[in-house]
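J.: One structure follows; several queries about it will come next.
The values are calculated or read from the model by the stated rules, or taken from the named source; none is laboratory data. These numbers were taken from a predicted model, which means no experiment stands behind them. Reconstructed Cβ throughout: ideal geometry from the backbone, glycine too, with neighbour counts over all protein chains shown. Accessible surface areas use protein heavy atoms only, side chains included; no ligands, DNA or RNA. Shrake-Rupley method; radii C 1.70, N 1.55, O 1.52, S 1.80 Å.
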Amino acid sequence: MRYYAVSGSAARQRTDCAIVGLYESGTLTGAATQLDAALGGRLARFVKRGDARGKAGEVTLIDAERGPCERVLLVGLGKKDGFGRKQYKKSLLAAVAALAKTGARDAVSYLATEPLPETDAYYRARLAAEAVGSALYRIPAIRSTRKPSPPALRSFGVAVPEKDQKKDAERGLEHGRGIAAGAALTRDLANLPANVCTPSYLAQQARELARQHASLKAQILDEAALRRLKMGALLSVTAGTEEPAKLIVLRHQGGPAGEAPVVLVGKGVTFDSGGISLKQPPGMDEMKFDMTGAASVFGAIKAAAEMGLKLNVVGIVPACENMPSGRATKPGDIVRSMSGQTIEVINTDAEGRLILCDALTYARRFKPAVVVDVATLTGACVIALGAHTSAVMSNDDDLAAEI
Ligand code: MN
Ligand code: ZN
């Protein structure tokens, strides 16, 4: 995907598809009004007839017939005084999802020329590129039949109100593209089934990332190395499986050597059966997602590399399976972590904290400025907060607020 920034009137910009907004009151945005004039009042007629109502996320595809563009996507922005960051991104996602079903190879969005509180040209453009990447994301084609055809869209422009904002917008688009690339990697890794996405597969992906990006280095610790480090907690979780565990270290060296890094730790249980404390069968297939923390760390590191962040970032991923077998850890077993503390395992399904504590102890050697640990840690979180809200716990309120 090629991204670019434009300024000037929507009435003159040539594109396969112009994306303009409509508020719930039936008010066309500034850019939509310009385009409407060029199209002889075509958009206003659509609104007047009640064919477009401006409800948040509503998308109407209009054949432009003549004028600077072939089509217009009229996107509902909701209430004008409620139009903020969240609604902006939602509108973009809806627009691009609709756009992907058309034959348009190019599109220009004018949604960022509307007033949007607490944002600048950089940020609006970045959100646009993130939204395009997100809306065009497709799950890796594992199915053997009927592979979905890729969208025709090849380039995407973002309009800014002033010409001197184009540079900032271009930087935002470049960063948004990097973030979207990281997010796509996260989703790919999460979506892959556990028989494909094993700890060894994650290790191989880390090596692959390091090959692709000059700023990245990958280091893989095998079980012999984990034993030498005395990671008894992590080793107790992987004891029941045939798949070898890996501790994956991915480093993005973007800052000065010696500068304290941001350390990201991600839970990489590629399949969590619960171990001897076996889970109930319904929904157990979803336990392939117990490595989403790891996938998030991979995505964040990829994004850091793509964006060329002038920052040292270390990703640490303890990767293993949690399976029952004759060698598996049993309820009541006592193991010793790398930190030297002993742990009595009451329920082998509470394995996440065991692999993470050793990874966190290992993280100390990097003398981090900040450590962020990401995990699908416990069902208690869903019980407490429901299915949409994530929990953040921190010993630093400012950092938590920033995240
Ligand atoms: Mn578990
Ligand atoms: Zn788990």
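J.: Could you state the accessible area per residue of region 3-106 in Å², with a 1.4 Å probe and every protein chain left in place?
T.: Working: 4850 Å² over 104 residues.
Accessible area per residue: 47 Å².
J.: Additional query: Going by alpha carbons, how many degrees (0 to 90, nearest 10) lie between the helix axis of 121-136 and the longest principal axis of the chain?
T.: 70 degrees
J.: Please give me the summed charge of the neighbours of A257: other residues whose Cβ is under 14 Å from its Cβ, Lys and Arg +1, Asp and Glu -1.
T.: Working: positive: K217, R251, K310, K367; negative: E259.
Spelling it out: positives minus negatives among the neighbours equals +3.
J.: Now a separate question. On a C-alpha basis, how far is the centre of region 222-287 from the centre of region 312-340 in Å? Whole number, if you could?
T.: Spelled out, the Cα-based centre of one part sits 7 Å from the other.
J.: Could you pull out the pairs from K279/K330; K246/K288; K89/K217; K166/K217; K167/K367 whose alpha carbons sit more than 25 Å apart here? It would help to have the intermediate numbers written out before the result.
T.: Values: K279/K330 14 Å; K246/K288 17 Å; K89/K217 34 Å; K166/K217 34 Å; K167/K367 37 Å.
Those over the limit are K89/K217; K166/K217; K167/K367.
J.: Please report, to one decimal in angstroms, the Kirkwood hydrodynamic radius of the chain built from all distinct Cα-Cα pairs. It would help to have the intermediate numbers written out before the result.
T.: Working: mean 1/r = 0.0428 Å⁻¹.
So the Kirkwood estimate lands at 23.3 Å.
J.: If you average the sequence gap of Cα pairs under 8 Å that are 6 or more apart and divide by the length of the chain, what percent do you get for the contact order? Kindly include the intermediate steps, with their values, before the conclusion.
T.: Details: 887 pairs, mean separation 59.2, N = 403.
Normalised by residue count, the contact order of the chain is 15 percent.
J.: Given Cβ point charges of +1 (Lys, Arg) and -1 (Asp, Glu) and nothing else, what value in debye, to the nearest 20, does the dipole of the chain about its Cα centre take?
T.: Values: 52 positive and 42 negative charges, 221 e Å.
Result for the chain is approximately 1060 debye, rounded to the nearest 20.
J.: OK, next. Under the rule a/c < 1.5 gives rounded, and otherwise a/b versus b/c splits prolate from oblate, where does region 342-386 land using the Cα gyration tensor? List each step's numbers first, then the result.
T.: Numbers: a/c = 3.78, a/b = 1.41, b/c = 2.68.
Verdict is oblate for region 342-386.
J.: In addition: Applying a 10 Å radius around every beta-carbon, put 113-122, 227-236, 168-177 in order of their mean neighbour count, most first. Let's see the in-between values first.
T.: Details: 113-122: 15.9, 227-236: 20.5, 168-177: 22.1.
Order by mean packing, descending: 168-177, 227-236, 113-122.
J.: Order 341-347, 17-23 from most to least packed using the mean count of other Cβ atoms within 10 Å. List each step's numbers first, then the result.
T.: Working: 341-347: 13.1, 17-23: 27.7.
Sorting 341-347, 17-23 by mean packing, highest first, produces 17-23, 341-347.
J.: Relative to the longest principal axis of the chain, what angle (0 to 90°, nearest 10) does the C-alpha long axis of helix 85-99 take?
T.: 80 degrees
J.: Further question on the same structure: Going highest first, how would you order 330-340, 256-266 by mean Cβ packing within 10 Å? Write down the numbers at each step before the final one.
T.: On the way: 330-340: 14.8, 256-266: 17.9.
The most tightly packed comes first, giving 256-266, 330-340.
J.: What does the convex hull of the Cα atoms of region 301-382 come to per residue, in Å³, rounded to a whole number? Intermediate values should be presented prior to the final figure.
T.: Working: hull volume 11.0 nm³, N = 82.
With only Cα atoms used, region 301-382 gives 134 Å³ per residue.
J.: Using only Cα atoms, find the angle between the long axis of helix 292-307 and the longest principal axis of the chain, and express it within 0 to 90 degrees, rounded to the nearest 10.
T.: Orientation of helix 292-307: about 60 degrees from the principal axis.
J.: For K48, list the aspartates and glutamates whose Cα falls under 18 Å from its own Cα; do not include residues on the same chain fewer than 8 positions away.
T.: E24, D36, E58, D63
J.: Quick check on region 258-361: take the gyration tensor over C-alpha atoms, sort the square-rooted eigenvalues as a ≥ b ≥ c, and tell me if it's rounded (a/c under 1.5), prolate or oblate. All intermediate terms of the calculation are to be shown ahead of the outcome.
T.: On the way: a/c = 4.07, a/b = 1.62, b/c = 2.51.
Oblate.
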